[in-house]
Each structure stands twice: as C-alpha cells, then as structure tokens.
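These notes are about the structure you will find just below.
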Amino acid sequence: DTAVSQTPKYLVTQMGNDKSIKCEQNLGHDTMYWYKQDSKKFLKIMFSYNNKELIINETVPNRFSPKSPDKAHLNLHINSLELGDSAVYFCASSPRDLFDYEQYFGPGTRLTVT
Amino acid sequence: DAKTTQPTSMDCAEGRAANLPCNHSTISGNEYVYWYRQIHSQGPQYIIHGLKNNETNEMASLIITEDRKSSTLILPHATLRDTAVYYCIVRVMDSSYKLIFGSGTRLLVRP
C-alpha cells in the first residue's frame, strides 16, 4: 500500500544522456512536487503541479521537464544530463485542502551522472 | 518565507525526551511552523505543525512561544529510530504549497 512511489530507485548514466524518473501517488492528492537534494543534503523544491497544471517552477534549467499525464503521476524528464545533476530526487504529494498541507514524500531516486 | 535557525546537531539518550529548538524571529502573523524529519536515505516525513497554540500528536509536541519567535519540538520518549535530521520550516498557508528546507538539526539518539 505504497503511498508515493518512484522508479527507478537508482539511476547511473553518462553525461549528455536523457533520462526520466517516474512518480505515482495512490493517495488521491491533487498536488505533486519534485524536490532535489544535493550532495550537501540541501532539499530544494523544483516543480509543483496541481491537477496536471504547473504552479511552481523554481528557476530550474529547461533541460528539466516535468510531465503530468494525470493527477496521480508526475514524471521528471531530464535532457543532456550534466555532472551537477547528480543528486537524490524526491517526489511528494499533498491534498489541496487549505488547512491540510502535509506533504508525503516518496523514497527518492539517486541519480549519478558520470 | 521566514528564515529559521536550528542547532546543527544534538544528541539524547534513548527513552529520554528530545527537545529540538528553532528560532524564527522574523515570522509573520500568517506563517505556520512546520516540522519534518528525514531518516537516513529516506524521504522527509511530516511530524507536526502549528500557528500559535501548542500542538500534540502521536509523534511529538510542538511548543511555540507567546511572541512566536521560537518553538521547540519535543519527542517525549526518544528511540533509536528517531535518529534523523529534523527540519523546522515556517510558511504561509497559501496556494504556493512549497516547503523551503533549511539545514536542519541532526539528532542522534544514544542507546
């Protein structure tokens, strides 16, 4: 009964490649997010989608393109991977209720670019 | 969102209360205090949040000072599984939804 799942858990690839990370939530939430945690362990929001509509884009390079086919899925596609993209990427979701902003995080995808 | 200041690390003995402080002296009236934690290699986990009253749930208690410039997260009986990085976050309840994480406090619970 996984709430927020991500695939793959680990991803090792070479510079210049294009890769995707998938995220699915079975909580019925309207809002989904992507966060990046770098080697210094700082967690930063990248994107947020609400009902398949982009609501936050935190000045992320346009090599990163989120795609939400439906409100239960938010995938992250990365073009022309660079060494600096190596990080752990977390997907999260939350309900849209004004007073219930708890975010539920997935287990993370560790991306290593060589 | 207001900036928060937390100690880099703390430790406590298993079974004892863990009291994690957070300063947020520039907090504004419509900003809530949230606590999340991240156990090694896992995604962050919500713990508790509050506006101005003290809050308690099955995981922890949140004590917010009357002037709201600081707060304390209390884990009443810490276990080894509570070893984690604890993040104090202040944010408005608006449609941006985003959480801004600082560097947090690394709590080590000793056997």
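As a footprinting exposure proxy, order B:CYS12, A:CYS91, B:CYS22 by other Cβ within 10 Å, with the fewest listed first. Could the numbers behind the result be given before it?
Working: B:CYS12 18, A:CYS91 29, B:CYS22 24.
By the 10 Å Cβ count, ascending, the order reads B:CYS12, B:CYS22, A:CYS91.
With neighbours defined as other Cβ atoms within 10 Å of a residue's Cβ, the residues B:VAL33, A:VAL60 order from fewest to most as A:VAL60, B:VAL33.
Would you mind checking A:LYS9/A:LYS71; A:LYS52/B:LYS52; A:LYS67/B:LYS52; A:LYS19/A:LYS44; A:LYS52/B:LYS69 for any pair whose Cα atoms are more than 32 angstrom apart? List each step's numbers first, then the result.
Numbers: A:LYS9/A:LYS71 22 Å; A:LYS52/B:LYS52 34 Å; A:LYS67/B:LYS52 38 Å; A:LYS19/A:LYS44 20 Å; A:LYS52/B:LYS69 37 Å.
Result: A:LYS52/B:LYS52; A:LYS67/B:LYS52; A:LYS52/B:LYS69 exceed 32 Å.
Residues B:PHE101, A:PHE90 in ascending order of nearby Cβ atoms (within 10 Å, fewest first): B:PHE101, A:PHE90. Simple spin-label estimate for B:ARG81 and B:THR5 gives 3.5 nm between the two label positions (7 Å along the Cα-to-Cβ direction from each Cα).
When both the range B:24-64 and the range A:29-62 are represented by their alpha-carbon centers, they are found 21 Å apart.
Coordinate-derived values only; no laboratory data. The structure presented is a predicted model; accordingly, all values stated were derived computationally and were not measured. Every residue, glycine among them, receives a Cβ derived from its backbone with ideal geometry; neighbour counts consider all protein chains shown.
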